[in-house]
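The structure under discussion appears below in the form of structure tokens.
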Amino acid sequence: MGQRQLIAIEMDVLAKNNALAAHNREHFDEAAQLVLNLVSSPGSGKTTLLCETLRQLADKRPCAVIEGDQQTSADADRIRATGVPAVQINTGKGCHLDAKMVHDACHQLPANEGGILFIENVGNLVCPASFDLGEKYKVAILSVTEGEEKPLKYPDMFAAAQLMVINKIDLLPYVSFDVARCIENAKRVNPYIQVIQVSATTGEGMDAWLNWLATA
Ligand SMILES: Nc1nc2c(ncn2[C@@H]2O[C@H](COP(=O)(O)OP(=O)(O)OP(=O)(O)O)[C@@H](O)[C@H]2O)c(=O)[nH]1
Ligand SMILES: [Mg+2]
């Protein structure tokens, strides 16, 4: 297959996805739902942060979660253990969620009028950047064990995100990670990106994250 044909197919796939994402967004707006697309490399702490967030938030505001992973229902099980409804999507060979998968998953969740729908994307700093799911914001999670240069190496993701959450700050005394440099790097690819520093395991910084959610 020639390069031109490949580009045409890719553009067609993205155009179809964008149309479905717009449809999702209409539904989310009608239901006054805040929808966030959590993106990161594998293991940055998305599910841990979500579980802690739900423990603190779910009795104040209706919440639901869509989990995306290549295989297993491990993350959806962790979410359900907090009492919050969750749907697991397994993407198999796929490396990202798309708008159709999210659309179908929403029909398996209870109504969530005025609530928050968290979508945990497949752990991957590349592909999920290109696929709109209909969310209001992408939230990029970066943990301090990954290196402060990641926003420059994977700029599309940080350019697409409204917020960068720097997670695992409890590990800062043990790793070589320059927080100021990381923020500088993220702002080079996205001058408007907001930044919050948290530890999902100790709870440090959770207030700032919960305040951001309250006003998002
Ligand atoms: N020290 C420390 N460890 C954390 C923190 N947050 C998550 N972890 C650990 O990091 C590992 C990965 O956490 P997960 O929440 O599964 O990460 P994830 O981003 O959901 O991973 P995938 O879904 O596989 O992409 C687990 O061992 C967590 O306990 C944190 O704030 N501090
Ligand atoms: Mg996870």
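The values are calculated or read from the model by the stated rules, or taken from the named source; none is laboratory data. Bear in mind that the values here come from a model prediction, so they are computed numbers and not experimental data. Here the Cβ positions follow ideal geometry from the backbone for every residue, glycine too, while neighbour counts run over all protein chains shown.
Condition check ((1) surrounded by fewer than 18 Cβ atoms within 10 Å (Cβ to Cβ); (2) of a type in the set (Lys, Arg); (3) touching a Lys or Arg at 6+ places or on another chain (Cβ under 7 Å)) across all residues:
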site	(1), (2), (3)
ILE9	yes, no, no
ALA15	yes, no, no
LEU38	no, no, yes
GLN56	yes, no, no
ASP69	no, no, no
Report yes if GLY205 is over 30 Å from GLU26 (Cα atoms), surrounded by 15 or more Cβ atoms within 10 Å (Cβ to Cβ) and touching a helix residue (DSSP H, G or I) at 6+ places or on another chain (Cβ under 7 Å), otherwise no.
yes
* Can you confirm whether segment 130-138 contains a residue that is touching a Pro at 6+ places or on another chain (Cβ under 9 Å) and not in a helix (DSSP H, G or I)? => yes
Per the filter on segment 163-178, residues touching a residue at least 40 places away in the same chain (Cβ under 8 Å) and not basic (Lys, Arg) are LEU163, VAL165, ASN167
ask   = Among the residues of segment 24-32, is there at least one that is outside any helix (DSSP H, G or I) and not small (Gly, Ala, Ser)?
value = no
Open item on the list: Tell me yes or no: at least one residue of segment 188-199 is in a loop (DSSP other than H, G, I, E, B), in contact with a Gly (Cβ under 7 Å, 6 or more places away or on another chain), modelled with pLDDT of 95 or more and within 30 Å of ALA32 (Cβ to Cβ).
Closed with: yes
Of the candidates PRO42, PRO62, PRO85, the one satisfying the condition of being more than 14 Å from ligand 1 (Cβ to nearest atom), under 24 Å from ILE196 (Cβ atoms) and either in contact with an Asp or Glu (Cβ under 8 Å, 6 or more places away or on another chain) or not aliphatic (A, V, I, L, M) (or both) is PRO62
